[in-house]
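Engineer: I have a structure I would like to understand better, so I am pasting it below and will then ask my questions one at a time.
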Amino acid sequence: MRPGLGTLLVLAMAVTPAQAARVETLVGYAYARASGEPIYEEHHRFVYDGAVLIEHRVDYRRPDGTPLATKTLDYRTSRYAPAFRLADARDGYVEGAEYVDGSYRLFRRSSQRAAEESKRLPASPDLVADAGFDQYLRDHLQNLLRMGKAEIRFAVAGRLDAFAFRAVVLERTRLFGSDAVKLRVEPDSWLRWLVKPIDLTYDLRDGRLLRYEGLSNIRSETGELYDARIDFPDPPVVRGDDAAAASP
């Protein structure tokens, strides 16, 4: 018996999303900048709808596998200012952002027993936040190389506010066998005299991040953000749809 048109349409709708999905995994290795001691690993999982990034999960673990924190990001509303939530497994610290009634709501909670604090910012196309910052720099890398500088409005959930930052080209270099460019990101105001810059090295061939140097979003046992060097020596690994469905 041949299936009818309605059956075929149902089957097509059921199969298309799974066929379009693509999952990539990536591991970053974090070291203390002062000593070079390994401090944690970042296990990234990216989910794409076709060529469009829609979800991102990061599991932060000690080198021995002990969980530290988990971060989830949703890029469906914005590629550069995703909704996200970072939760520390040790003390219940939480920070993140979500879209509410046309605004970008930043929130944080200092511990499991603390009350949540929040602030709403206007949701605007020029807003950049969390890992959307990497997406922004990758998309604008060639223009940045030509101009030497880019201005960014960066929302910081831990500070419940947005600040003017700038990205500048430091140098051409080589890292992990690739031609690369090193960028510096810092406040575009007098705050740069108080806030440590972040240095990022990108592969010139495919634009992927090779190294991050600066304050991490993971806290040490004393509650201070790690001053870390995070290396991504290997390219992402593409996984099949079955692996995507089985992942947490």
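Engineer: Among ASP179, ASP199, which is the only one that is loosely packed, with under 12 Cβ neighbours inside 10 Å, modelled with pLDDT of 95 or more, part of a strand (DSSP E or B) and not aliphatic (A, V, I, L, M)? Quick ask: steps written out before the conclusion?
Structural biologist: Details: ASP199 fails: loosely packed, with under 12 Cβ neighbours inside 10 Å.
After ruling out the rest, the residue left standing is ASP179.
Engineer: Only residues in region 101-129 that are among the hydrophobic types (A, V, I, L, M, F, W, C) count as the first member; pair them with residues that are loosely packed, with under 11 Cβ neighbours inside 10 Å, Cβ under 9 angstrom, at least 6 apart or cross-chain, and list the lot.
Structural biologist: PHE107/GLU116; ALA123/GLY102
Engineer: Could you tell me how many of the residues in region 61-99 are surrounded by fewer than 14 Cβ atoms within 10 Å (Cβ to Cβ) and among the hydroxyl-bearing types (Ser, Thr, Tyr)?
Structural biologist: Residues meeting the conditions: 2.
Engineer: Go through region 192-230 residue by residue and tally those that are closer than 28 Å to ARG90 by Cβ, free of Cβ contacts under 8 Å to residues at least 40 places away in the same chain and β-branched (Val, Ile, Thr).
Structural biologist: Total meeting the criteria: 3.
Engineer: Report the residue count in region 89-100 for those that are closer than 17 Å to VAL58 by Cα and either outside any strand (DSSP E or B) or in contact (Cβ under 8 Å) with a residue 24 or more places away in the chain (or both). Can you show your working first?
Structural biologist: Pass one, region 89-100, residues closer than 17 Å to VAL58 by Cα: 89-90, 92-97.
Then keep just the ones that are either outside any strand (DSSP E or B) or in contact (Cβ under 8 Å) with a residue 24 or more places away in the chain (or both); that gives 89-90, 92-93, 95-97.
The number of residues fulfilling the criteria is 7.
Engineer: Take the residues of region 123-152 that are modelled with pLDDT of 95 or more and in a strand (DSSP E or B): which is surrounded by the most Cβ atoms within 10 Å (Cβ to Cβ)?
Structural biologist: Of everything passing the filter in region 123-152, ALA129 is surrounded by the most Cβ atoms within 10 Å (Cβ to Cβ).
Engineer: When you scan region 214-230, how many residues do you find that are of a type in the set (D, E, K, R) and buried (at least 19 other Cβ atoms within 10 Å of the Cβ)?
Structural biologist: Of the residues in that region, 1 qualify.
The values are calculated or read from the model by the stated rules, or taken from the named source; none is laboratory data. In this text the structure is predicted, and so the values were computed from the model without any measurement. Glycine also receives a Cβ, built like all others from the backbone with ideal geometry; neighbour counts cover every protein chain displayed.
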